Protein chains: 2
Amino acid sequence: MRIGVLGTGMVGETIGARLVGLGHEVRMGSRDAGNARAAAWGAAQGARASHGTFADAAAFGELLFNCTAGGHSLDALAAAGAEHLAGKILVDVANPLDHSQGFPPSLLFCNTDSLGERIQRAYPDVKVVKTLNTMNALVMVDPTRVPGTHDVFVSGDDADAKAQVIALLRAFGWERPIDLGDISTARGTEMMLPIWIRLYAALKTGDFNVAVARAG
Amino acid sequence: MRIGVLGTGMVGETIGARLVGLGHEVRMGSRDAGNARAAAWGAAQGARASHGTFADAAAFGELLFNCTAGGHSLDALAAAGAEHLAGKILVDVANPLDHSQGFPPSLLFCNTDSLGERIQRAYPDVKVVKTLNTMNALVMVDPTRVPGTHDVFVSGDDADAKAQVIALLRAFGWERPIDLGDISTARGTEMMLPIWIRLYAALKTGDFNVAVARAG
């Protein structure tokens, strides 16, 4: 499949590389077509990888990943262009971090809204699926880094889109993605950021994840 | 030990009964000394159980549990009286739920503050330990209701107080309480309420809990 990855940070690089490894053609998009980090990533990933502007990546992809910083995601999507997003699945892995008060970051908004919902409201004809936003990037694409069975959550309004994203998650190695329901359930996963940060400090590793223990 | 339990809801009843079962003397406190629910609870629990006002329960307890609704906790503590709280450990299991917009509830405040911190700021000479606020009441006092190893979190500024509360948690059956750090880490656990509610809806049972999967 042709996949556009918006964002050139650690998350975009890691997800993009994993998708290339799975045989997909991946175009990484950034604000600036000459982004040196995206160029280096593309060179390292080989023939199935390319890079360009947000609009280039969005136009290229049959399915898109939002790996931009959550506070800039709506700007990045505007730069990508509504005409390049329309009708497509957008996998939103971003959290709206507020670093303005130093460490630990808080959220720019939460509780009665979420980034997943804001994107869905801004682009009603995009199929937004929120997932992978509750773990670090290396665990996102390789859950075997953390021992045992543990979980990834999926939120979205479109059942077919969630099924396609769940198939991709299974290809990443996730055995039992949990469908939480519509896109408003992204509030629940985005609000796990604060406990993730405290656990990261307490455990001194990013190689952990939440598992939902239950019968069955 | 003599323990005061503030609050006569499902959480207070369940924790109070478990503490009586472990051999503690428990006084349940409510707004009104004649609270019928507290009286029924006391009659059912036998000689080690008693009930009275918030002030009666707080004066009685060497250690206190806040099991009131989070939106009313500061009022309940004011009714209990600062002189009856001073120097004691207060185990805060409440979440500041906002039911004003219907289901699902949101939080009255979060992100840059927490109920645990508000109580600690209001009563600097109380040793507030936030814990047990990330699961339902039956699981709080009997983690074996959920299969496998799973987790309870502890937040607080006083190391000795946390050690005493962790000993109580072990008596409840918790094998490995996770100390997240100071009371500000209560933001992380209170903000798990939204994912808990979505999981409750998706799993159709309250018999689940979060486990932190990690090496070691």
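Throughout, read-outs are computed from the coordinates displayed, never taken from laboratory work. Since the structure is predicted, the reported quantities are computational estimates derived from the model, not experimental observations. Neighbour counts run over all protein chains shown; Cβ positions are idealised from the backbone, glycine included.
Measuring between alpha carbons in the structure, the pairs from A:LYS204/B:LYS162; A:LYS162/A:LYS204; A:LYS204/B:LYS127; A:LYS162/B:LYS204; A:LYS204/B:LYS130; A:LYS88/A:LYS204 lying more than 29 angstrom apart are A:LYS162/A:LYS204; A:LYS88/A:LYS204. Compactness ratio for the range A:1-104: Cα radius of gyration over 2.2 N^0.38 Å (N = residue count) comes to 1.01. The residue among B:HIS150, B:VAL5, A:VAL11 whose Cα reaches farthest toward the positive pole of the charge dipole of the protein assembly as shown, with charges on the beta-carbon of Lys, Arg, Asp and Glu, is B:HIS150.
Report the semi-axes of the equivalent ellipsoid for the range B:2-203 in whole Å, largest first, where each axis is √(5λ) for an eigenvalue λ of the Cα gyration tensor. Working shown, then result.
Details: eigenvalues 107, 74, 66 Å².
In descending order, the three semi-axes are 23, 19, 18 Å.
So for the range B:2-203, averaging the separation of alpha carbon pairs under 8 Å that are six or more residues apart and normalising by length, what relative contact order in percent results?
Working: 402 pairs, mean separation 35.6, N = 202.
RCO, the range B:2-203: 18 percent.
Please report, in debye to the nearest 20, how large the charge dipole of the protein assembly as shown is about its Cα centre when each Lys and Arg carries +1 at its beta carbon and each Asp and Glu carries -1 there. It would help to have the intermediate numbers written out before the result.
Numbers: 38 positive and 44 negative charges, 142 e Å.
Roughly 680 debye, rounded to the nearest 20.
Treating only the Cβ of Lys, Arg, Asp and Glu as charged (+1, +1, -1, -1), what charge dipole size does the range A:2-203 show about its Cα centre? Round to the nearest 20 debye. It would help to have the intermediate numbers written out before the result.
Numbers: 17 positive and 21 negative charges, 90 e Å.
The calculated dipole for the range A:2-203 is roughly 440 debye.
Gap in Å between the Cα centre of the range B:18-89 and the Cα centre of the range A:105-182? One Cα centre to the other: 42 Å.
Can you compute log10 of I(q)/I(0) for the protein assembly as shown with the Debye formula, treating each Cα as one identical point scatterer, at q = 0.07, 0.08, 0.11, 0.14 Å⁻¹? Debye intensities relative to I(0), on a log10 scale: -0.38, -0.48, -0.82, -1.18.
Taking beta carbons within 10 Å but only from partner chains, what does the mean come to for residues A:176-188? The partial results should precede the final answer.
Numbers: counts 0, 0, 4, 1, 6, 3, 1, 0, 3, 8, 2, 7, 12.
Taking all residues of A:176-188 together, the mean is 4.
Among the GluC sites (Glu not before Pro) within the range B:58-151, those in coil by DSSP and having at most 15 neighbouring Cβ atoms inside 10 Å are B:GLU62.
Using just the Cα positions, wrap the range A:58-172 in a convex hull and report its mean projected area in square nanometres, one decimal place.
Numbers: hull surface 32.2 nm².
Projected over every direction and averaged, the Cα hull of the range A:58-172 covers 8.1 nm².
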